[in-house]
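I am attaching a structure below and will ask some questions about it afterwards.
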Amino acid sequence: MNSTSFRGHSRFLDLLLGVGAVAAVVSGGGSLAARASAPALMPVTSYRSASCGCCTGWVKHMRANGFTVRDVVVADVGVVKRRLGVPARLASCHTAEVAGFALEGHVPAADVKRLLQKRPPVAGLALPGMPLGSPGMESAYGKEAFTVMAFTRTGAISSFSQHAK
Amino acid sequence: MTTPLRRRQVLGLGLAGLGTAVVGPVLWDRVQRSAARAQPAGAARLASRGGLADLELVAQATRGTLPGGPAELLTYNGRSPGPLLEVNAGDRVRLRLRNELKQPTNLHFHGLHIPPTGTADNVFLSVPPGGSFDYEFTLAKDHPAGLFYVHPHQHGLSADQVFGGLSSALVVRGDLDRIPEVAAAKETVLVLKDFASASGQEAAMGVGRMLGREGPLLTVNGAINPGLAIPSGGLLRLRLLNASNARMYRLALEGHSLVLIATDGGAIATPEPLDELLLAPGERADVLVQGNQTPGSYRLLNLPYQRSGHMGMAAAEDAPRTLATLSYAGTVPPLPLPKALIPVPALPKPERTRRFVMAHAMGTGMGGMKHDMGAMGGGGMAMGGMGMGFVINGQAFDPDRIDTRVALGSTEDWLIVNDDVMDHPFHLHVNPFQVISRAGRPESQRRWKDTVLVKAGEEVRIRVTFRDFPGRTVYHCHNLDHEDLGLMGVLQIE
């Protein structure tokens, strides 16, 4: 159960989140079949709010690329982001963990695999915002260029990979 | 009488390059203040005469400068914001739009109670590049006085065109302006608009179309930190328009209350002093400022605001930004605040309640391709849908599909539900509404609104009577990137 305390929001959001916390559930049981057939990649745990319409798209992308993913609904994903040290200005919708690294947002599976192979001295990768055309964000409305950033525990940020339109 | 801001010029429209160093807005402010004046553009104000407003707006790309180098801005008559349009209730309005852009455009008369059809507030028509269109309509004699907003509404391009600089404030003179204390105030229209930097690097940091694009350059009437003057004892009427694409303004004036006298659709009943005023894109407000403090300079601030509350993001900016500076100059005998304004009558009991749920999702969409959303997941555009975008009640905008049919003359409650991780300002064309409650809590005072902020996770109940004008129009999110990405529905009034 990953429903967590809520803080750092305005009062009305606290009220709503208080209600949401009761309803928060761990979902991910439906991925057992995918797990069984997945290659031996480190398991991923992904945290999202119930109302996120694109986070499950990323989970499916990761599963399609061989990762075992636990998809966890939480009341306040901000708590997870702070625990994992995701810089606020790199925030996206969902936050995930793999092998001690944080993954923020719609980071492509290929970048995650390179992270796990090279193990650079970073706290994690982030794709800030929700760029159109990134994994789980495929859209007939268009594509946006995006840059996956690496960040350290001390908040240093660098470019990890660039993706053209 | 409208008093233009003291000019500390403006977006470098028509200027030669100011130097190409990449500088932040604060430094740019200093650069701009010492720069030469821009070349004259069209008139800053276009007004009606003798009951007829004969106006022309030319939409064009205009060379200008932004920090980091030259940039192409979108302008009306060479200006961003475009000229202030000023008309009276009861006027005949003729407005020729000439399109000198390389893409289609059109106009929306945001907030006006005029027909949604023909040559009036018809957002379904499109003016091709090189073309022109003559908008023509008559404002009712009892049309509320207020601050309205003329901007493009070309589906798919609205955000690009407004973010690029296309907007004009439209003042309708009438009842509110005749209240003596209001008439005695010095009036200034403030168009709040952010611009991308010349490099556009902010987009790479995630402030893209899904969140709605914001720019780091905050301008008021196209100027960075312009000066406003108030005499000791005087009253200043600030008429505020959020003409930004996605940016919220959380306004506060150091040392002073902002005394609210009008919202989107016109006057409220009783002046209401505020410490802060939150304006979502498309919203307007009139506030009075009393010159009752120690003479000096006071900053009009934009305070940090978090508009993606369920993403766990920090506010994009964590410190107040200065929008303009109010300075005391001279003294007048103290002017009183008005005690009462104009009653806002309660609307009739609603005949029915509808529910509109806004979200981002793998949408079904254009051209009647309706599919199970479950089939869309992961594969994105499998089955020919729109893929990721925004939806109302599960459906992305389709101009050929009528989503909501209402009876002319009827009153309805609409429950606007934001089931998303970010805020959505909801805008309805043609008919003003009243907000009944937010998150179950009744509103303190009735106000005429056409745009209401529905925060992430929030529910807002509005009440609207569909008066006078049958026809087809729209409701949508006024974060214009969201509108272009599908968060819009078609309303048929019949």
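Can you tell me which residue is nearest to B:LEU453 (Cα to Cα) among those in the range B:266-282 that are open to solvent by 10 Å² or more (accessible area, probe 1.4 Å) and under 15 Å from the mean Cα position of the chain (by Cα)?
Per the criteria, the residue is B:LEU278.
I'm trying to understand the selection: among the residues of the range A:88-99, which are within 15 Å of A:PRO135 (Cβ to Cβ) and open to solvent by 10 Å² or more (accessible area, probe 1.4 Å)?
none
Residue under question is A:GLY30, and the condition is that it be at pLDDT 90 or above and either closer than 26 Å to A:ARG153 by Cβ or more than 8 Å from every other protein chain (Cβ to nearest Cβ) (or both); does it hold?
Values: at pLDDT 90 or above: no; either closer than 26 Å to A:ARG153 by Cβ or more than 8 Å from every other protein chain (Cβ to nearest Cβ) (or both): yes.
No, not satisfied.
Now, a different point. Checking B:SER437 against (1) modelled with pLDDT of 95 or more; (2) crowded, with 19+ Cβ neighbours inside 10 Å, which test does it fail?
B:SER437 satisfies all of (1) modelled with pLDDT of 95 or more; (2) crowded, with 19+ Cβ neighbours inside 10 Å except (2).
Within the range B:396-428, which residues are surrounded by fewer than 23 Cβ atoms within 10 Å (Cβ to Cβ) and part of a loop (DSSP other than H, G, I, E, B)?
B:ASP398, B:PRO399, B:ASP400, B:ARG401, B:ILE402, B:ASP403, B:ALA407, B:LEU408, B:GLY409, B:SER410, B:ASP419
Additional query: Among the residues of the range A:62-70, are any modelled with pLDDT of 95 or more, over 29 Å from B:MET358 (Cα atoms) and in contact with a Lys or Arg (Cβ under 6 Å, 6 or more places away or on another chain)?
Yes, there is a match, as at least one residue in the range A:62-70 is modelled with pLDDT of 95 or more, over 29 Å from B:MET358 (Cα atoms) and in contact with a Lys or Arg (Cβ under 6 Å, 6 or more places away or on another chain).
With the checklist (1) at negative phi; (2) within 20 Å of the chain's Cα centre (by Cα); (3) buried (at least 24 other Cβ atoms within 10 Å of the Cβ) in hand, flag the one item B:GLY489 doesn't pass.
Of the numbered conditions (1) at negative phi; (2) within 20 Å of the chain's Cα centre (by Cα); (3) buried (at least 24 other Cβ atoms within 10 Å of the Cβ), the odd one out for B:GLY489 is (3).
Only one of (1) aliphatic (A, V, I, L, M); (2) in contact with a strand residue (DSSP E or B) (Cβ under 9 Å, 6 or more places away or on another chain); (3) part of a strand (DSSP E or B) is not met by B:ALA246, so which one is it?
(3)
Just checking, does the range B:81-100 include any residue being open to solvent by 30 Å² or more (accessible area, probe 1.4 Å) and closer than 23 Å to B:HIS478 by Cα?
no
Could you identify the single residue in B:PRO334, B:PRO338, B:PRO320 that is surrounded by fewer than 23 Cβ atoms within 10 Å (Cβ to Cβ), away from every other protein chain (no Cβ under 14 Å) and closer than 30 Å to A:LYS81 by Cβ?
Values: B:PRO334 fails: closer than 30 Å to A:LYS81 by Cβ; B:PRO338 fails: closer than 30 Å to A:LYS81 by Cβ.
On inspection, the qualifying residue turns out to be B:PRO320.
Continuing with this model, one more query. Quick one: A:ALA99 ticks every box in (1) over 25 Å from B:ALA359 (Cβ atoms); (2) among the hydrophobic types (A, V, I, L, M, F, W, C); (3) under 13 Å from the mean Cα position of the chain (by Cα) except a single one, so which number is it?
(3)
Quick one: how many residues across the range B:172-184 are closer than 23 Å to B:ILE230 by Cα and either surrounded by fewer than 21 Cβ atoms within 10 Å (Cβ to Cβ) or not assigned by TED's automatic domain parsing to the domain that holds B:LEU101 (or both)? Give the steps one after another, and end with the answer.
Kept after step one, since they are closer than 23 Å to B:ILE230 by Cα, are these residues of the range B:172-184: B:173, B:176-184.
Then keep just the ones that are either surrounded by fewer than 21 Cβ atoms within 10 Å (Cβ to Cβ) or not assigned by TED's automatic domain parsing to the domain that holds B:LEU101 (or both); that gives B:173, B:177-181, B:183-184.
So the count comes out to 8.
Next up: Considering only residues of the range B:169-201 that are within 22 Å of the chain's Cα centre (by Cα) and more than 18 Å from B:PHE148 (Cβ to Cβ), which is modelled with the highest pLDDT?
Among those that are within 22 Å of the chain's Cα centre (by Cα) and more than 18 Å from B:PHE148 (Cβ to Cβ), it is B:ASP194.
A further question on this structure: Suppose we filter A:ARG82, A:ARG63, A:ARG89 for residues that are of a type in the set (D, E, K, R) and either assigned to a strand (DSSP E or B) or over 25 Å from B:VAL207 (Cβ atoms) (or both); which single one remains? Before the answer, list the steps.
On the way: A:ARG82 fails: either assigned to a strand (DSSP E or B) or over 25 Å from B:VAL207 (Cβ atoms) (or both); A:ARG89 fails: either assigned to a strand (DSSP E or B) or over 25 Å from B:VAL207 (Cβ atoms) (or both).
A:ARG63 is the lone residue from the list that is of a type in the set (D, E, K, R) and either assigned to a strand (DSSP E or B) or over 25 Å from B:VAL207 (Cβ atoms) (or both).
I'm checking my understanding of the structure. Among residues of the range A:100-110 that are in contact (Cβ under 8 Å) with a residue 24 or more places away in the chain and open to solvent by 10 Å² or more (accessible area, probe 1.4 Å), which one is farthest from the other protein chains (Cβ to nearest Cβ)?
A:PHE101
Looking at (1) at pLDDT below 95; (2) within 21 Å of B:ALA262 (Cβ to Cβ), can you tell me which one B:VAL289 breaks?
(1)
Scan the range B:254-265 for residues that are part of a strand (DSSP E or B) and either surrounded by fewer than 24 Cβ atoms within 10 Å (Cβ to Cβ) or not assigned by TED's automatic domain parsing to the domain that holds B:ASP175 (or both) and report the count. It would help to see each step written out before you state the result.
Of all residues in the range B:254-265, those part of a strand (DSSP E or B) come to B:256, B:258-263.
Add one more test, that the residue is either surrounded by fewer than 24 Cβ atoms within 10 Å (Cβ to Cβ) or not assigned by TED's automatic domain parsing to the domain that holds B:ASP175 (or both), and what stays is B:256, B:258-260.
The qualifying residues number 4.
Report yes if B:GLY389 is touching a Ser or Thr at 6+ places or on another chain (Cβ under 9 Å), within 30 Å of A:GLU138 (Cα to Cα) and not in a loop (DSSP other than H, G, I, E, B), otherwise no. Outline the logic, then answer.
Values: touching a Ser or Thr at 6+ places or on another chain (Cβ under 9 Å): yes; within 30 Å of A:GLU138 (Cα to Cα): yes; not in a loop (DSSP other than H, G, I, E, B): yes.
Yes.
Within the range A:131-138, can one find any residue that is in contact with a Lys or Arg (Cβ under 7 Å, 6 or more places away or on another chain), open to solvent by 50 Å² or more (accessible area, probe 1.4 Å) and either in a strand (DSSP E or B) or within 12 Å of chain B (Cβ to nearest Cβ) (or both)?
No - not one qualifying residue is present in the range A:131-138.
Restricting to the range A:40-64, name every residue that is surrounded by fewer than 22 Cβ atoms within 10 Å (Cβ to Cβ), closer than 15 Å to A:GLY100 by Cα and within 12 Å of chain B (Cβ to nearest Cβ).
Across the range A:40-64, there are no qualifying residues.
Applying the selection to the range A:143-163, what residues are away from chain B (no Cβ under 11 Å) and assigned to a strand (DSSP E or B)? If you could, list the steps in order and put the result at the bottom.
To start, the set of residues in the range A:143-163 that are away from chain B (no Cβ under 11 Å) comprises A:150-156, A:158, A:160-161.
Those that are away from chain B (no Cβ under 11 Å) and assigned to a strand (DSSP E or B): A:ALA150, A:PHE151, A:SER158, A:PHE160, A:SER161.
Among the residues of the range A:65-99, count how many are at the interface with chain B (Cβ under 7 Å from one of its Cβ atoms) and free of Cβ contacts under 8 Å to residues at least 12 places away in the same chain.
Total meeting the criteria: 1.
The values are calculated or read from the model by the stated rules, or taken from the named source; none is laboratory data. Quantities reported herein were computed from a predicted structural model and do not represent experimental measurements. All Cβ positions, glycine included, derive from the backbone under ideal geometry; neighbour counts span all protein chains shown. All accessible areas refer to the heavy atoms of the entire protein, side chains included, with ligands and DNA or RNA removed. Shrake-Rupley method; radii C 1.70, N 1.55, O 1.52, S 1.80 Å.
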